[in-house]
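A short write-up of the structure that comes next.
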Amino acid sequence: MSVPTLLLQIDGQPVRVKAGSSVAAALRLAGGMGVARTSVTGQPRAPFCGMGVCQECRVLIDGRRRLACQAVCTEGLRVETSE
Amino acid sequence: MTAMALEHCDLLIVGAGPAGMAAAVAAGPSGASIAVIDDNPVPGGQIWRDGPGASLPAAARTWRDALERHANVRVCSGTRVVAAPARNELLLEDAERGWRMRWNKLILCTGARELLLPFPGWTLPGVTGAGGLQALIKAGLPVEGERIVIAGSGPLLLAAAATARAAGAKVVRVAEQASFAAVAGFAASLLRWPGKAAQAVTLADPQYRTSSRIVSAQGGAQVDSVRLLQGGREEEIACERIACGFGLMPNTQLGRMLGCALTPTEAGAQALAVDARQATSLPDIHAAGECTGFGGSERALAQGTIAGYAAIGNKHAAKQHEAGRARWDAFAAQLHRSFALSPDIRRMPRPDTLVCRCEDVPFSALVDCSGWTDAKLHRRCGMGACQGRVCGDAAQFLFGWMPPAPRPPLSPARIATLAGLAGHDDVDRQ
Ligand SMILES: Cc1cc2nc3c(=O)[nH]c(=O)nc-3n(C[C@H](O)[C@H](O)[C@H](O)COP(=O)(O)OP(=O)(O)OC[C@H]3O[C@@H](n4cnc5c(N)ncnc54)[C@H](O)[C@@H]3O)c2cc1C
Ligand code: FES
């Protein structure tokens, strides 16, 4: 039985994920180690605590700032990594 | 004054982990109107986190089903607490809306978070918490084929290793800072808790080393190796990912914001103070689970059950569960003794190691600060998006600074939700 998947966009690039995946997982599938944002001194940062505490995974999801580790992917979601 | 929805319930439970679920199930048959809120997408808390990469144990399903059987229990997932706009009222927010919830009784089951400590390279993509890695994998993070080093302290390291391996990763090292004697003593003590001993056997790991700690992570855009110190010798291991956790810290923010008294735990952290019925220092507010000190899901379940009965006034039923709680309190005490952090761990940061990941504040900028307020006001440490949840715990461990009570908003919130605070002059708005 094949696992249901869905398609979303990360910074304009199409990414296919297993249904139920978090946006943090999708960031990793989009390439690299899942960079979500850039720090105040310009360093790349990726999901760190995995549980909604560190805020390192904040991205724009359909235009709203949310935590990638606590957001579940839905079909057609538009994710933008942030400054 | 904005027209923001105001809802009521008899009993509000914050947190749908083992403690919160048990509290709701105990209180359910009373018929009281009960709301359980949690910021995760589904109930289960940290240990029973669901997702495409999770295989939930039977216990998790049993508790979730029990929760669903009560028509008077409403579970609001993906919902976080923003502020306490008035007495017996919380301001809540989910992905769609903000609203006010008024309650007669409140049970705080806000759990724990990992103690994440700074070392050179800890901000590189590829470094996560140990429980954090577990959580990310359960939510679908692919780690197949990755070489992973897990470091820090406590049984959670082994649990994280097992989860990573089941997901197809190569766990190349598990570095535990506690000594062999301490870990062996802990393993021997497990005979008193047979269920735990069986669990420990399934987690035994050939890559496990004691008296071993992380020195640094190397890499350009992401992690490519880790340096470890073991028995005075440094060793470099190539890897794509490093997962580090140094134990758990009770999540006391909401309790502190409401004014609940704290008590020091054996592990040196601060937890919400509770009495035999899990009542906090404030009337009408109970607390259960790891926000009262960490000690595993069994203890959280026992405490949650007692809190649920106590909150609906069933003292007799609450009392029946006190022996079970005492058994798991003893387990927690053994855990804290065995995995106490060595003072060496304080030597991990170098002068240029960032302590505050949000505002990029290095260790060297903090060493001469007089305390948390000084560090905040003059170095911006803890002023970023995580509001000091990561660096505040780290600073408490490194410098002994006690973070001040959090101020609303408890977590970053939308303007429209914060507008719900309008008209409440007693609220301190940031
Ligand atoms: C990242 C992590 C992974 C872990 N993995 C394991 C494991 O695999 N095995 C194991 O034995 N133990 C694990 N633990 C230990 C675990 O915390 C406990 O054993 C158990 O889950 C504690 O139950 P609890 O109900 O007290 O808290 P939790 O399970 O932590 O539940 C608390 C819940 O409250 C929510 N919450 C907190 N504050 C708010 C708020 N303000 N608004 C809304 N919701 C809120 C949290 O998101 C969470 O869902 C882990 C701990 C952490 C931190
Ligand atoms: S990874 Fe820390 S908040 Fe999402």
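The values are calculated or read from the model by the stated rules, or taken from the named source; none is laboratory data. Here the structure is a predicted model, which is why all the values come from computation and not from measurement. Cβ coordinates were reconstructed from backbone atoms using ideal geometry, including for glycine residues, and neighbour counts include every protein chain displayed.
Worth a mention:
- Taking the numbered list (1) modelled with pLDDT under 95; (2) in contact with a Phe, Trp or Tyr (Cβ under 9 Å, 6 or more places away or on another chain) in turn, B:Asn88 passes all entries but (1).
- Among all residues of the stretch B:210-223, there is at least one that is surrounded by fewer than 17 Cβ atoms within 10 Å (Cβ to Cβ) and without any contact (Cβ under 8 Å) to a residue 24 or more places away in the chain.
- Filtered by the rule that a residue be out of contact with any helix residue (DSSP H, G or I) (no Cβ under 6 Å at 6 or more places or on another chain) and assigned to a helix (DSSP H, G or I), the stretch B:25-53 gives B:Gly28, B:Pro29, B:Ser30.
- Among residues of the stretch B:285-313, those that are within 14 Å of chain A (Cβ to nearest Cβ) and more than 8 Å from ligand 1 (Cβ to nearest atom), counted: 0
- Residue match in the stretch B:246-265 (condition: within 22 Å of B:Ser179 (Cα to Cα) and part of a strand (DSSP E or B)): yes
- Qualifying positions in the stretch B:104-125 - more than 21 Å from the chain's Cα centre (by Cα) and either over 22 Å from B:Leu229 (Cα atoms) or within 12 Å of another protein chain (Cβ to nearest Cβ) (or both): B:Asn104, B:Lys105, B:Gly121, B:Leu124, B:Pro125
- Within the stretch B:166-191, being part of a loop (DSSP other than H, G, I, E, B) and closer than 17 Å to B:Ala135 by Cα holds for B:Ala167, B:Gly168, B:Ala169.
- Residue count for the stretch B:381-392, restricted to those that are part of a loop (DSSP other than H, G, I, E, B) and either under 19 Å from B:Ala413 (Cβ atoms) or at the interface with chain A (Cβ under 9 Å from one of its Cβ atoms) (or both): 7
- Qualifying residue in the stretch A:26-41 (condition: at negative phi and within 16 Å of ligand 1 (Cβ to nearest atom)): no
- Criterion violated by A:Val59 - all others in (1) buried (at least 19 other Cβ atoms within 10 Å of the Cβ); (2) in contact with a Gly (Cβ under 9 Å, 6 or more places away or on another chain) satisfied: (2)
- Residues located in the stretch B:149-165, provided they are assigned to a helix (DSSP H, G or I) and more than 16 Å from the chain's Cα centre (by Cα): B:Leu158, B:Ala161, B:Ala162, B:Thr163, B:Ala164, B:Arg165
- Inter-residue pairs, beta-carbon under 6 Å, first in a loop (DSSP other than H, G, I, E, B) and in the stretch B:361-373, second of a type in the set (Phe, Trp, Tyr), 6+ apart: B:Gly371/B:Trp401
- Looking across the stretch B:83-101, the residues that are away from ligand 2 (no atom under 16 Å from the Cβ) and among the hydrophobic types (A, V, I, L, M, F, W, C) come down to B:Ala83, B:Ala84, B:Ala86, B:Leu90, B:Leu91, B:Leu92, B:Trp99, B:Met101.
- The conditions of being within 13 Å of another protein chain (Cβ to nearest Cβ), within 24 Å of the chain's Cα centre (by Cα) and touching a residue at least 12 places away in the same chain (Cβ under 8 Å) are met by B:Ala413.
- Where B:Asn72 falls short, out of the listed (1) within 21 Å of the chain's Cα centre (by Cα); (2) more than 9 Å from ligand 1 (Cβ to nearest atom): (1)
- Whichever residue in the stretch A:19-28 is among the small types (Gly, Ala, Ser) and surrounded by 20 or more Cβ atoms within 10 Å (Cβ to Cβ) and, among such residues, is farthest from the chain's Cα centre (by Cα): A:Gly20
- The residues in the stretch B:109-148 that are part of a strand (DSSP E or B) and within 20 Å of A:Gly31 (Cα to Cα) can be counted, and the count is 4.
- Checklist (1) within 14 Å of chain A (Cβ to nearest Cβ); (2) surrounded by 24 or more Cβ atoms within 10 Å (Cβ to Cβ); (3) away from ligand 1 (no atom under 12 Å from the Cβ) applied to B:Val274, failing item: (1)
- In the stretch A:29-83, the residues that are of a type in the set (S, T, N, Q), more than 7 Å from every other protein chain (Cβ to nearest Cβ) and within 12 Å of the chain's Cα centre (by Cα): A:Thr74, A:Thr81, A:Ser82
- Any hit, the stretch A:7-16, residues being more than 7 Å from every other protein chain (Cβ to nearest Cβ), at pLDDT below 95 and either surrounded by 15 or more Cβ atoms within 10 Å (Cβ to Cβ) or more than 16 Å from B:Leu141 (Cβ to Cβ) (or both): no
- As a summary of the residue check, B:Asp50 satisfies the conditions (1) within 14 Å of another protein chain (Cβ to nearest Cβ); (2) within 10 Å of ligand 1 (Cβ to nearest atom) except for the one numbered (2).
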